[in-house]
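The values are calculated or read from the model by the stated rules, or taken from the named source; none is laboratory data. Computed from a prediction, not measured in an experiment: that's the story for all the values here. Heads up, the Cβs are rebuilt from the backbone with ideal geometry, glycines too, and the neighbour counts pull from every protein chain shown. Accessible surface is based on the protein model in full, side chains and every heavy atom, while ligands, DNA and RNA are left aside. Shrake-Rupley method; radii C 1.70, N 1.55, O 1.52, S 1.80 Å.
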Amino acid sequence: MEPQPPADQVLRQLGQLLSQRPGVVTELGALLEAAEPRWLLETGSPAALGELAAALSAFAALPEREQDAAELRDGDGAYAAAAERAADVGGVFLRLLAKLEAAKAEESLGPAVEPVLRRVMGHIYVLAVTYLAEGAWTSAGSRAVAAELLAALVRAAGCGTVEELLRGRKEEEEGGFAAVMGLLKPRLGKDTWKRNPATKHVFSWTLLHVTRPWLSQHLECILPASLLISDDFREENKVLGVHCLHHIVLNVPGADLCQFNRAQVVYHALYNHLYSREAPLIQAALLCLLDLLPVLERAQRQQQQPRPASPCDEVLQLVLTHMEPEHRLALRRVYAKTLPAFVQRLGILIARHLKRLERVILGYLEVSDGPEEEARLGILETLQCTIEHAWPRMPCRLPVLLKALLKMIWDVHTDQGSTPEPVRAALLQRATECLILLDRCSEGQVKLLLEGVYSCCEENRVRECIRRVQENT
């Protein structure tokens, strides 16, 4: 009987034949199915298996194109063929992982598994995540194999979750994130990231699975890629990039973000997005800015910069400038929902913006924005926060604010539209709370002014709101 050739020699030969004979994938699957773990893990095999994993990944990779994923269509022939290849390659990787798990159970082979896993993990992970979610380049078969493959990889690595696989089982242990980013980095260049429509999804999906304190050590490779994606001309890419930036802001210490002026770079990228006319992008940018502003303000205090240069003031000034003439309901809702957080952050310093803020509040109270009244509810919360923080400036604004609140209460009560009853109740409740706060900071003037209204009003619901204000002490 002829001796069995070395595993590394066989694996390298089959890997070289992949591009010439696609049927080799089937042969590889059969070989791994029948192979003895001891033969597979003999000297030289880790390097050979790493090369084979790279060759299989290249074989299953999506064809490169010049256009972005948004231009792809389901049923594209090239992508359907890639999904089929990916399902076949995924099957080969599943057999390999099964052999590695079997080897771990044998005491003499256990130590040899770790070097192999380190070499193949990145390639298997990228293939699995590429075909995991629904996209123009995936099929039901490739998605099922990808999900099974990712679960098998996590299990083979001795981890319980994808997060643990990427960060490492112990704090001092290096996880797989560095290996994955090593494979993705060449694909995330300015001239390369659009050639493969799955690259941005693999990057963002992976990034969102790594949190503090493990993320900061990878900041140099994740921040440029996130900024690059957010700077694209397509809205979907901008939103995806901003979500990545937000995750970085939340999971990287402020001191690391402020090094080399990184926080300022992120701030200017987000600030520029505020000139957009797309509600999803505005919302993502504002939410990210709200978490970035404390980092910038702490850095300013440490550098002893003058307070008037606050980034929060700059953002709020621009937001109010855009809010005042805005007529698109989607944008009005986004602005109104995030405005209270800016008022809370500035505190008493909101007094700098009261003139324009008052005009915005009056304009938004006047106009209904649909059944859920998100804009009105948000602007009432903004008014409440403003009264609480800038109460010394409220008495002089009492006539216009009182008139606007009473008009809104009447409009809500008499509106015959499709506004649900819980929404009406919430609007009246918040308007009443604003009247109570105005009364407190004006030393009872609101009660006096409402006496005549209460006596001549015949609508019970409006009278109930006024009564609550009068009875409040």
Isotropically averaged projected area of the stretch 86-195, using the convex hull of Cα atoms (one quarter of hull area), nm²: 7.7 nm²
The stretch 308-456: C-alpha gyration tensor shape, a/c 1.5 cut-off, then a/b vs b/c: oblate
Sequence-distant residues sharing a close amide H with Ala133 (under 5 Å, placed H): none
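So which of Lys170/Lys190; Lys190/Lys238; Lys104/Lys185; Lys403/Lys447 end up more than 24 Å apart by C-alpha?
Values: Lys170/Lys190 35 Å; Lys190/Lys238 15 Å; Lys104/Lys185 31 Å; Lys403/Lys447 14 Å.
Those over the limit are Lys170/Lys190; Lys104/Lys185.
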Under Karplus coefficients 6.51, -1.76 and 1.60, residue-wise ³J(HN,Hα) of the stretch 87-100 in Hz, glycine/proline x: 5, 5, 5, x, x, 5, 5, 4, 5, 5, 5, 5, 5, 5
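Please give the calculated 222 nm ellipticity per residue for the chain, where each DSSP H segment of at least 4 residues contributes -39500 (n - 2.57) and the sum is spread over every residue; nearest 500 deg cm²/dmol?
Numbers: 23 runs with 323 residues, N = 473.
Computed ellipticity for the chain at 222 nm equals -22000 deg cm²/dmol.
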Sequence ranges 386-395, 86-95, ranked by mean other-Cβ count within 10 angstrom, highest first: 86-95, 386-395
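Excluding ligands, DNA and RNA, what is the solvent-accessible area per residue of the chain at a probe of 1.4 Å, expressed in Å²? Walk me through the intermediate numbers first.
Numbers: 22260 Å² over 473 residues.
Result: 47 Å² per residue.
Between Gln317 and Ala351, what is 0.36 nm times their sequence separation minus the Cα-Cα distance? Round to one decimal in nm.
On the way: separation 34, 0.36 × 34 = 12.24 nm, distance 1.22 nm.
Going from the current span to full extension adds 11.0 nm.
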Within the accessible area of the chain (1.4 Å probe), percent carbon and sulfur: 52 percent
Within straight-line cross-link reach of Lys337, aspartates and glutamates at Cα separation under 14 Å, skipping those fewer than 8 residues along the same chain: Asp369, Glu372, Glu373, Glu374, Glu381
Nearest-0.05 FRET efficiency for Leu329 and Leu183, computed from C-beta distance (R0 51 Å): 0.70
Computed E for Ala105/Ala279 - FRET, C-beta separation, R0 56 angstrom, nearest 0.05: 0.55
Where labels lie 7 Å past Cα in the beta-carbon direction, separation of Arg155 and Asn261 in nm: 5.2 nm
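Would you kindly state how much longer the chain becomes between Arg463 and His268 on full extension, computed as 0.36 nm times their sequence separation minus their alpha carbon distance, in nm to one decimal? Show your work: numbers first, answer last.
Values: separation 195, 0.36 × 195 = 70.20 nm, distance 4.96 nm.
That works out to 65.2 nm of additional length.
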Quarter of Cα convex hull surface for the chain, i.e. mean projection, nm²: 29.3 nm²
Whole-Å distance, taken between Cα centres, linking the stretch 337-399 and the stretch 443-473: 22 Å
